[in-house]
Each structure stands twice: as C-alpha cells, then as structure tokens.
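The values are calculated or read from the model by the stated rules, or taken from the named source; none is laboratory data. Values in this document were obtained by computation on a predicted structure and should not be read as measured data. Quick reminder, even Gly has a Cβ in these numbers, built from the backbone with ideal geometry, and neighbours come from all protein chains shown. Heavy atoms of the whole protein, side chains included, go into the accessibility calculation; ligands, DNA and RNA do not. Shrake-Rupley method; radii C 1.70, N 1.55, O 1.52, S 1.80 Å.
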Amino acid sequence: IMAKEKTPLYMYSVLCLGGVFITAVGLLYLQASYLSSILDASKHSVYVPTSLEELKEVAGSLGKLKDDHFGIVWVFFCSAYVFKQSFAIPGSALLNVLAGALFGTVKGVLLVSLLTPIGASCCYLLSKFILKDVVEHYFSEQLNLVQQKISDESKSLLLVMISLRLVPATPNWMLNIIAPILAVPLPLFFISVSLGLLPYNYICIQAGTLLAELNSMSDLITMATFMKLLSISLLIALPSYFVRRWTRPGRNMKH
C-alpha cells in the first residue's frame, strides 16, 4: 500500500525535475547558439565540452570571442558550470581547466570558488524540494553512513563537511543530494563546498593556463601537482583535526 501511495510522488518529482532540466538545457542552448552565430560556424562552434579534444576546441572558440564579447562568454561559462553542478553531471573538471584557459589562475579560482557552491546549492535545493522522497528511498544506505559521521562529530559539523570533500569517500554529487535530507544548513553547506573543493579546483584551473600542453586529463595530477594538492588539503584539514582532538570527550573529562 505504501509503495502505491508513493509512486505518484516519485512521478511528480521526476516530472518536475524533467521540466527544470529541459528549461536549463534550453537556456544553455540559446547562449551557445548565439555565440556560435558570431563565429564562422563552419570552422568554430560553442558547446559544453565532454572530452579534452572538445575542450581545446571550445577554449579556442571562446578565446576568439572573449575580448569583444566578454560578457556573454562569461555568462555562458557560468551557466554551463552551474548547470553541471545543479544536475550532478560529470565533467566539472573540464570546466575548471577551461576557466584557467579563459580567465587565468587567480580570476579562474575566484570565479570557480563561487560557482562550485552555487551549483552545488542548486542541487541541494532540487533534492530538498523535489527529490526528497526519491533520495530517502534509493539512497538510504548512503544517508545512514553520512548521518553516522555527522552524529559522531556534531560539534564540528563545518569541518566534518569540509573533510568529506577533501577525502571524498562519498562522491561529491552524492553529498550534494543527501545533505538537505540530513538537515545540513545551506549556509554551512555552501562554505564547506567552496573550501573543501578548493584544492582540486585550483590544480585543474592552473593546468588550464597550459591547456595546449595537456595530452590527457591524467596529466593534471603529476607529482608536483599532487604535492600542491596535498599541501593545500592539509592546511584546510588541520583545523578539523585540532578541533576534534580538543573536543574529544575524554579530554574534557580530564579537565
């Protein structure tokens, strides 16, 4: 009986999500079509890349437009990034590299550090208001695992959420979906995404400044870049370690 009662809710959720998705795709398509119309369509086109080869082509096309049409190029990039994050679509690493190629390391990091939590927050809100019943039904195991982690470290929730991003035992897209079901406050969620994904985003964006030299996405993580990633992660993770150690029940009892 319960299954029959919940079926309409699932269908309603899927239909609502489908409507939002189609609208977002339509808006992104209009932007890409406008940018492509400015270029010689027979030689250049603008779209959301899904491979390194496509990324280089799109970076070349947008690079030609950036000086004279910076505003629409910026809007298209932001829209594509938030779109992928909102609907948990793989490929954000490619857009991180594209950010480096178009805007440079500093501006790219600042932009992506804002777009990443905005897109993740959109995913959070879609899950909270449209997909809650679906998530609770199909992702109960993941919910229980993260709930246990949060319960054990409830006094340092922000640091726990950041550490889950730095060492993603649970995929980032999954954290975006289940966070509202676990009652993680949106402002705290926003900050944890921005800080927790900063090291990885930085490495990808920095690589984008040398896009022509990349032969595959595996080239992103060399020993040098790995050490940078590890160093940044440790700087962000150390406060979590000290807070947990300080708030450990045994320590408090000694005092």
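What the table below lists for this structure:
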| item | result |
| --- | --- |
| Matching residues in region 169-179 - criterion: being open to solvent by 20 Å² or more (accessible area, probe 1.4 Å) and either on the phi > 0 side of the Ramachandran plot or not in a helix (DSSP H, G or I) (or both) | A169, T170, P171 |
| Residue that is closer than 27 Å to V14 by Cβ and of a type outside the set (G, A, S), where the choices are L55, L39, L95 | L95 |
| Any pair with Cβ under 7 angstrom, 6 or more apart, that starts in region 173-197 at a residue that is more than 24 Å from L235 (Cβ to Cβ) and ends at one that is open to solvent by 40 Å² or more (accessible area, probe 1.4 Å) and among the charged types (D, E, K, R) | P180/K128; I181/K132; I181/E136 |
| From L17, L28, residue being within 30 Å of F129 (Cα to Cα) and either aromatic (F, W, Y) or open to solvent by 40 Å² or more (accessible area, probe 1.4 Å) (or both) | L17 |
| Test result for T209, among the polar types (S, T, N, Q), under 23 Å from L115 (Cα atoms), modelled with pLDDT under 70 and within 23 Å of the chain's Cα centre (by Cα) | no |
